[in-house]
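Nothing in this text is a laboratory measurement; each read-out follows from the coordinates by a stated rule. Please read these numbers as outputs of a predicted model, since none were measured by experiment. Virtual Cβ from ideal backbone geometry, glycine too; neighbours counted across all protein chains shown.
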Amino acid sequence: MLCLRVPRSYLPERRFACDVRLRECLGLDYALVPEDRPDVLIGMPGHAGEVRLAEGLFATEPDRWLTPGSLPREPLAWWDLAELSPGGRPVQTVAPALPVVYGAPLPSGAFCEAESGSVRLGVDLLGSAFFMLTRYEEAALRERDEHGRFPARASLAGRAGFLDRPVVNEYAEVLWWALSTLWPGLRRRARQGRFLLSHDVDNPLCTAGRSLVGVGKSVAGDLVRRADPALAVRRIVSFALTRRTPEADLCNTFDWIMAESEARGIASAFNFLTVVGPEDAAYRLQDPFIRRLLREAAGRGHEVGLHTSYHSYADPERIGREFDDLLAAAEAEGIRQPAWGGRQHYLRWANPVTWQGWEAAGLHYDSTVGYADQPGFRTGLCHEHPVFDLASRRTLRLRERPLVVMEVTLFEYMRLPPEAALERIVELRRRCALFDGDFTLLWHNCCLIQDWERNLYRAVLDACA
């Protein structure tokens, strides 16, 4: 077991950072010992040697905590990791240089000094990880987009150019290099990476129940904006057929989605809205089509999840009511699951009140924390991880499955053609695999109605599953 001797400040925050860094990422046990000291010292009882980590974020004065004055100084320094292992064992990272969120070069000018029995790092590996994992900057900054979301462009990772890197995983690998250099007999727990595929059920039907005028506008979009006459014809046929049965709807791609997942051994998660409104669902959980979909998804081994409403992200009580509604519908259909999770509508998320709402409701995991305008690693980690409430200063039972890619981001925000979208997805999947991480992908059922969408989706599954 490792022994971490740490300064006495911010002990709940330090313990959370150590839990994620050591237990979650490396599978190592540790004991935390508060002392009057200026840095972090890691030792292994019964063995010679020590690792020293610089202080950074946790040296912040209490009156500056969660203020812009406590944020990292820019431009960030970049650490050339070649200095760690010239001609020796390399560190597992995405690229040879690593952004330094908190830290500074040591007196020698290097970020690392390794001598006999000692490794000293000028990088605050624990505080930097805490900054990313808790979305600290989002509690300190006010910038938001038209939906009240913190945009990728406002983030440190977005500005500094490392949003496409799971930097917290990379920091863990640097720490592992230091620990295993001093204690070669130390063993880390192996991880099993996962492909986590989900589908938010925003518009399960796109012609059934709509007016002729509404469908006509969509047909015009098929012809003009999407340049797909065949889709326009299919939409008109769908409108006619759904007057008898909603299953004929153009957007009813659910059986196809499940079949594609099952062919590759994937269990998809289908997240359902429970609130009807112009910004929320055009369906009710009581609708026969939705009840059949709930039963079929669960019966075929897929997951049923919650898609909380547009205004719920800042209202914990509303989150609880919506989860109760979903549980009631699931119970009525005989659906029972060992864990319940889902995602906020429009990826609206507020730090820390949204996590507080999911925790209080009794949900097991959230998968909201990704950016709408850019894919990448918003928490810096490509693993499911516990979450920390910055207001109450405690680790919650709730876990976060960070969202890496949403197809709408690639097509509507970034305007990527299919080939470039596939390339971006595959590269992010590869970066997760470097760390045996979880690759989390969101793809909506209504974005699988054109031939090119289905072809791209199959290619994505083949590359990622």
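With each label point set 7 Å from Cα along the Cα-Cβ vector, what nm distance links Glu262 and Ala328?
3.1 nm
Give, as ranges by residue number, the residues of region 116-155 whose backbone N falls under 12 Å from the point 7 Å along Cα→Cβ of Val408.
147
Where does the Debye-calculated log10 I(q)/I(0) of region 319-465 sit at q = 0.14, 0.15, 0.19 Å⁻¹, using only Cα point scatterers of equal weight, no solvent?
Taken in order of the listed q values, log10 I(q)/I(0) reads -0.77, -0.87, -1.19.
Mind giving me the FRET efficiency for Arg37 and Arg73? R0 is 25 Å, r the Cβ-Cβ distance, nearest 0.05 is fine. Walk me through the numbers before you get to the answer.
On the way: r = 24 Å, r/R0 = 0.95.
After rounding, the FRET efficiency stands at 0.55.
So for each of 154-164, 454-464 I average, over its residues, the number of other beta carbons within 10 Å; can you give me the resulting order with the highest mean first? Display every interim value, and only then the final one.
On the way: 154-164: 18.6, 454-464: 16.7.
Going from most to least packed, we get 154-164, 454-464.
Based on the mean of other Cβ atoms within 10 Å per residue, sort peptides 112-121, 134-143, 17-26 so the most packed one is first.
Going by the mean number of other Cβ atoms within 10 Å, highest first, we get 17-26, 134-143, 112-121.
For the pair Ala97/Glu247, report the inter-label distance in nm, with labels modelled 7 Å from Cα in the Cβ direction.
Between Ala97 and Glu247, the simple spin-label model gives 5.9 nm.
Full extension from Thr395 to Asn455: what is 0.36 nm times the residue separation minus their Cα-Cα distance, to one decimal in nm?
Numbers: separation 60, 0.36 × 60 = 21.60 nm, distance 4.22 nm.
In short, 17.4 nm is gained.
With +1 on each Lys and Arg Cβ and -1 on each Asp and Glu Cβ, and nothing else charged, work out how big the dipole of region 13-78 is about its Cα centre, in Debye to the nearest 20. Before the final figure, lay out each step's value.
Working: 8 positive and 12 negative charges, 28 e Å.
Charge dipole of region 13-78: 140 debye, to the nearest 20.
In region 16-114, with Lys and Arg counted as +1 and Asp and Glu as -1 at Cβ, which of these residues, Cys112, Leu98, Val33, has the Cα nearest the positive end of the dipole, that is, farthest along it?
So the residue we want is Leu98.
Is the C-alpha gyration tensor of region 236-335 telling us rounded, prolate or oblate? Criteria: a/c under 1.5 is rounded; beyond that, a/b larger than b/c is prolate, otherwise oblate.
Details: a/c = 1.87, a/b = 1.27, b/c = 1.48.
Because a/c hits 1.5 or more and a/b fails to exceed b/c, region 236-335 counts as oblate.
Arranged from highest to lowest average of other beta-carbon atoms within 10 Å per residue, in what order do the peptides 264-275, 64-75 appear? Don't skip to the answer; put the middle values down first.
Working: 264-275: 20.0, 64-75: 13.8.
Per-residue Cβ counts within 10 Å, averaged per peptide and sorted highest first, yield 264-275, 64-75.
Rounded to whole Å and sorted largest first, list the principal axis extents of the Cα atoms in region 1-160.
Largest to smallest, the principal-axis extents are 56, 36, 31 Å.
With the Cα gyration tensor of region 70-166 giving a ≥ b ≥ c as the square roots of its eigenvalues, does the rule (a/c under 1.5 for rounded; else a/b larger than b/c for prolate; else oblate) give rounded, prolate or oblate? Please list the in-between numbers first.
Details: a/c = 2.83, a/b = 2.13, b/c = 1.33.
Here region 70-166 falls in the prolate category.
Using the Cα centre of the chain as the reference point, and only Cβ charges (+1 on K/R, -1 on D/E), how large is the resulting charge dipole? Debye, rounded to the nearest 20.
Numbers: 56 positive and 62 negative charges, 91 e Å.
The dipole of the chain has a size of about 440 debye.
Considering only the chain, what is the antiparallel percent among its DSSP beta bridges, to the nearest 5? Spell out each step's value before the answer.
Working: 19 of 52 bridges.
Percentage antiparallel, nearest 5: 35.
Helix 254-263 against the longest principal axis of the chain: what's the angle in degrees, Cα atoms only, rounded to the nearest 10?
Relative to the chain, helix 254-263 is tipped by roughly 50 degrees.
Can you pull a Stokes-Einstein diffusion coefficient for the chain at 20 °C (1.002 mPa s), Rh from Kirkwood over Cα pairs, as a whole number of µm²/s? Show your work: numbers first, answer last.
Working: Rh = 23.8 Å.
My calculation gives 90 µm²/s for D.
Using a Förster radius of 60 Å, what is the FRET efficiency between Arg321 and Ala48 based on their Cβ-Cβ separation? Nearest 0.05, please. Show your work: numbers first, answer last.
Numbers: r = 58 Å, r/R0 = 0.96.
Efficiency, rounded to the nearest 0.05: 0.55.
For region 278-360, just say rounded, prolate or oblate: build the C-alpha gyration tensor, square-root its eigenvalues into a ≥ b ≥ c, call rounded for a/c under 1.5, and beyond that prolate if a/b exceeds b/c, oblate if not.
Numbers: a/c = 2.18, a/b = 1.60, b/c = 1.36.
Judged from the Cα gyration tensor, region 278-360 comes out prolate (a/c at least 1.5, a/b above b/c).
So if I average 1/r over every pair of distinct C-alpha atoms in region 25-103 and take the inverse, what Kirkwood radius in Å does that give?
Numbers: mean 1/r = 0.0630 Å⁻¹.
Across region 25-103, the inverse of the average 1/r is 15.9 Å.
Name the residue from Leu53, Phe439, Gly161 whose Cα lies farthest towards the positive end of the charge dipole of the chain, charges +1 on Cβ of Lys and Arg and -1 on Cβ of Asp and Glu.
Checking the options against the dipole of the chain, the answer is Phe439.
Tell me the mean residue ellipticity at 222 nm calculated for the chain from its helices only (DSSP H runs of n ≥ 4, each -39500 (n - 2.57), averaged over every residue, nearest 500). Please report the intermediate quantities before stating the final value.
Working: 13 runs with 148 residues, N = 465.
Calculated mean residue ellipticity at 222 nm is -9500 deg cm²/dmol.
Please report, in debye to the nearest 20, how large the charge dipole of region 55-114 is about its Cα centre when each Lys and Arg carries +1 at its beta carbon and each Asp and Glu carries -1 there. Please report the intermediate quantities before stating the final value.
Details: 3 positive and 7 negative charges, 31 e Å.
The calculated dipole for region 55-114 is roughly 140 debye.
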